[in-house]
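Any read-out appearing in this document is the output of simple, stated calculations on the displayed coordinates, not a laboratory observation. All values reported here derive from a predicted model rather than from experimental measurement. Cβ sites come from the backbone with ideal geometry, for glycine too, and all protein chains shown count toward neighbours.
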Amino acid sequence: MHKTTLLTTGMVLLLAAPVRTLAQSATADAEFNSNMESPFVRLIRPDRPGQTITTNMLYPGQFQLETSLTRYADGSSVGYAGRQVWGNTLRVGFFNHIELRATQNYLPDPVTNRLLGDVPTTPLTGPAGFAPLNVGAKFLASSTQNARSQVVVLLDMNLRNGNASFSGKQLEPGGRLLVSQQLGQRFGLEGNFGFRQRGFKAEGTKQGQYLTTLALNGPLGASTHFGFLAETYATWQRQQGWLPGLSSGLYYRPLPGLRLDVTAGHGLTPAAGGFNIGAGLSARLGK
């Protein structure tokens with residue numbers, strides 16, 4: 001119990017220190033934010049694609065649904081190797097600069113492809129159906145929402161529900177520090193620093209995973225309808241070491257609250273190898 005309390009206190013202090021420093025450096029006026037009408041703020045910014053979760057937060061009464069289909073190649077260190085996954089995230093704007101969120105993946109049955117007339121082979125093994133649900137919340141740490149420089153804290157938890165084929169399910173708490181810097185009126189640089197562990201006991205940190213990301217996104221050309229994402233990321237676990245990778249994508253935004261995108265990614269080392277490709281749709285409702 002004492003180890004668990006010390007671990008929880010340490011994680012809170014670890015996140016609180018940089019949040020306090022960055023939040024105090026914000027220069028935007030809390031009463032009036034002239035940046036509200038910039039395209040970077042006004043147009044939809046989903047938490048996908050890629051590994052980076054944006055600092056964008058919905059206002060009370062706003063809803064945002066993000067759905068995607070991603071195919072991971074064999075040997076991928078991110079996601080489910082050799083599988084295709086439906087990912088769905090629901091985000092809801094709450095009061096007092098809080099955003100509530102829920103994410104759940106769905107994995108189709110892993111069936112071996114074969115030519116017509118071939119003798120059926122033994123299906124591939126692995127989990128299928130709905131994965132454990134992830135629930136969480138974003139908390140604004142900056143003085144002004146949607147300022148040019150913004151700091152947000154994300155706290156989330158993987159639950160123990162989902163299909164029975166997902167073995168070894170545990171509560172998995174996690175946290176991220178989300179930072180962003182707007183470049184001009186339309187471009188943005190965003191980064192994540194996070195950690196997730198298995199269970200609440202101190203020994204669970206030995207199986208924990210650290211994550212760092214840095215992403216640049218913005219429009220292509222004078223129009224705001226087409227744009228790009230370029231991202232570098234790295235995960236670290238005691239058993240695996242550093243696993244860096246790159247991802248990139250293109251998007252089309254026909255309306256301020258609607259975006260379609262296609263993405264691709266790959267590891268930068270043999271241990272982090274594995275190609276993935278995906279496509280997604282994001283829609284925001286409410287003013």
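Label point of Met36 set 7 angstrom out along Cα-Cβ; within the stretch 258-287, amide nitrogens under 15 Å from it belong to 287.
Oblate is the label for the stretch 118-239, because a/c, from the alpha-carbon gyration tensor with a ≥ b ≥ c as root eigenvalues, is 1.5 or above and a/b does not exceed b/c.
For the stretch 180-287, calculate the relative contact order in percent as a whole number, restricting contacts to Cα pairs under 8 Å that are 6 or more residues apart. Please report the intermediate quantities before stating the final value.
Numbers: 231 pairs, mean separation 17.6, N = 108.
RCO, the stretch 180-287: 16 percent.
Projecting label points 7 angstrom from Cα along Cα→Cβ for Glu203 and Phe275 puts them 4.2 nm apart. Look at Arg186, Arg101, Arg238 and count the other Cβ atoms within 10 Å of each Cβ; fewest to most, that gives Arg238, Arg186, Arg101.
Compute the signed sum of charges (Lys and Arg +1, Asp and Glu -1) over the other residues within less than 10 Å, Cβ to Cβ, of Gly278.
On the way: positive: Arg48, Arg71; negative: Asp261.
Computed value for this residue: +1.
Please arrange Met157, Met36 by how many other C-beta atoms lie within 10 Å of their C-beta, fewest to most. Let's see the in-between values first.
Values: Met157 17, Met36 12.
Going from least to most buried by this count: Met36, Met157.
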